[in-house]
Each structure stands twice: as structure tokens, then as C-alpha cells.
1. Beyond 18 Å between alpha-carbons counts as too far, so tell me which of K166/K189; K269/K301; K58/K82; K301/K342; K18/K80 fall in that bin.
2. In nm, give the distance between the simple-model label positions of Y165 and E88, each being 7 Å from the Cα along the Cα-to-Cβ direction.
3. Once a ≥ b ≥ c are taken as the square roots of the eigenvalues of the Cα gyration tensor of segment 258-363, is the result rounded (a/c under 1.5), prolate (a/b larger than b/c) or oblate (a/b not larger than b/c)?
4. Stretched out fully, how many nm does the piece from D75 to Q213 gain, at 0.36 nm a residue minus the Cα gap?
5. What FRET efficiency comes out for the pair D59/E125, r = Cβ-Cβ distance, R0 = 35 Å, nearest 0.05?
6. Given +1 on the Cβ of Lys and Arg, -1 on the Cβ of Asp and Glu, and no further charges, what dipole in debye does segment 176-281 carry about its Cα centre, rounded to the nearest 20?
7. How far is helix 8-19 tilted, in degrees, relative to the longest principal axis of the Cα atoms in the chain, given as a value from 0 to 90 rounded to the nearest 10?
8. Kirkwood hydrodynamic radius, segment 90-155, all distinct C-alpha pairs: what's the number in Å?
Amino acid sequence: MRDRLKFGMQFITEMIVKEIPEYMFTDPNVTVCDPAIAGGQIISAVEKRMTKLGVKDKDIKRRVKGFEEDSIAVDYAINKNKLKGSFEVCALGTLPTMDVNLAVGNPPYNDGSAGRNPIYHLFLEKYAVNPPDFTFFVIQANWFTQPDYKLGKSVRASLRKLGVYKIVINPYDTFETAKVKTCTVFCRKGYVGSIELIDSDTGYKSPIIDFDQTILYTVNPDELAILTKLKPVKPWTTHGGGKGDTNTWRIMTSYRKENFEVTPLNPLKVMEPMYKSQTGYRVFAEYKTKTEADQALIWYKSFWHSKLVTWILQRTRTSTTLDNPQITWVPKITIDKEFSDKDLYDAFNLTDDQIALIESSFK
């Protein structure tokens, strides 16, 4: 379990440095690289450990490398952390496939565009071509729930090539400016055994049963029992606001949600027919009249904003965008009336202990 006095990158950095075998710091033939140094915290900690073990500055400069996409970022990291290695400006697209022994870092999660297209998997792909002896990266965890999508398949394939042996679920408060769920992946070249999943907050550990299937963002056995019990055979599906019949009264919610750890779903609302911009929404239902939609909205809110569904999404939503993989674990029920929390507990046959566990999250 993590020391709660140590938040943010300090916790992550210490965890990574402790995992690195000592010979990786002292062996003069070992090379280290951070492909996206950003603030330089991780690579700085590696250098400090090398210095503590007696490695000279000239050898650190020769052995430690790093990249960032612009000179300002490189200079900032060097000056802030008094870095001693060799650091260069290099965009992701031109990042060389290097023969290094240790790769560490926290590569950017998305391209910074309005669509926030993920790019962290491209760093994994780059290093998977010629795997280092060890690879320790902090990455976004949205691939957990996307085993059948391009992103999820890419990350899983690369991690296998890199030899992933452990994945740590990072604290949600790791980054002040990036309110997304993240994990730290630990890889050792040639490793092909079972993969351990660890919750840094609780200390719970569990082997990942099937790496090619959805990985839940919890390791608590009691929580896993509830989620597994409730998972529907055929999951809910929603669609983008630009699809379907836009000439109807639609129950929708904004598809992007920041800080979704506590409140994982934006408010549901009724959107009028032919609304000028519907592309930023996910559609849950469509109705021919406003009266029908207004009535159904009460029903849908009682389900999708219930304690039960909120509890499930808090443990399974991993992305700021509400695509269908994010609601895979929400149980299905016919929404034709208003539900109380007790109605839903009864409908899904939850035990008193399971209800108490869920309710305890809202006290």
C-alpha cells in the first residue's frame, strides 16, 4: 500500500527506481533512455541513483539519453532537475528505434488535439521492435476496457513483446493536470509468465486471468465478485449524436467527462430534434414526442445515476470519452419505470453484504 504522504510523480518515480536492478545503474555498458522526458522526474531519479552508487558524471552523460518534442521542454527538464545525460529534441514520428537496455518514462497520453487521439501506444510499439532488457512506463489505462479495439490490441501486443510481468494501478490523484486513470507497466525482455495486477491504494494483488479480455480497474476480490455477477452477456450500447435518427427527441449525455473518478457520468438530458450540434453526445434512447422523452428521462436518470451504476462505473470507466467499452459492466434491465436504489439491488439479487459494500462508498 502506498504512503499517502507521497502523491503524484514522486510515488510513481520511487516505485519505478526501486524496481530497477542495481547492476543497471552501475554496469558501464548499460544504456538508459526516456523517450519523452517531460518534467524529467523519472530520468532525474535514475541519474541520482547512479550518482549515489558512484557512477561519474561523464559516464552518466554517455549512458543516459532522453528526448522531447521541443527545445523549450528539453531545456526546462535539464535546468529543473540538473540533468547530466544527453537529451535531444525529437518528435515521436522521428524517434529512433534504439538499442537500449532500460527504457523508462511517462510518454504523453494523447496528441493534444480536440479529439485527444491516444499516442502513448506508439511509444510501446516503437520499443517493442527491439525490446530493452527492462521497460517501465506510465501509461493511460483506457486500454484495459478495449480488448477488441485497435488501441487495446496494440497495447496488449506491444506489452507482450516487451515482456510485461506486472501492472500497477496508479492512484487517481497522481497527476493534478491529467485526471485520467493510469497504470505503470513493468516489463522484462523475454518474460512470458503470468501478469500480476496490483492496486497501489489498497495493496490488493491478483493475477490477470485473461490478458486478452477486459481488465477491471480494481483488484478487491469482493468488488470483483459483484462486477462479475452483474456483467451482462450482451452489453449496453449507445451511439454518437451524429448517428441514428436526429429528427427525434433523444436522451443523451455529453460523451466527454473530466474527473470521472467520483461522478463518472455527465447528467442525462433530452435533446430536441435536429439540434444544431449533436456530435459531442452519446445517445441512450430516442422518442417521437417530447412528452415521451421527458417521462423516459426520469426513468433513465433513476438507473444511470443510481448508486449501483455509479459504483460500477467508478471501477470500470477508464477514459474521459464515453465509448461503449466504458459501460460494458453495467447490468441490463428494461427501463420503463423509475427505480429506487433498493429496486435495483433487489432486481439484481445483491446480498446484504454486497449492498453494504456499495453503500459504504457513498458515506
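Just so it is clear, none of the values below were taken in a lab; they were calculated from the coordinates. As the structure is a computational prediction, the values presented were derived from the model and not from experiment. Positions of Cβ are generated from backbone atoms using ideal geometry, with glycine treated the same way; all protein chains shown enter the neighbour counts.
1. Exceeds cut-off: K18/K80.
2. About 3.1 nm separates the two model spin labels.
3. Because a/c hits 1.5 or more and a/b fails to exceed b/c, segment 258-363 counts as oblate.
4. 45.5 nm
5. Efficiency computed from Cβ-Cβ geometry: 0.70.
6. The dipole magnitude comes to about 380 debye.
7. Approximately 50 degrees, to the nearest ten.
8. Mean inverse Cα-Cα distance, inverted, gives 12.7 Å.
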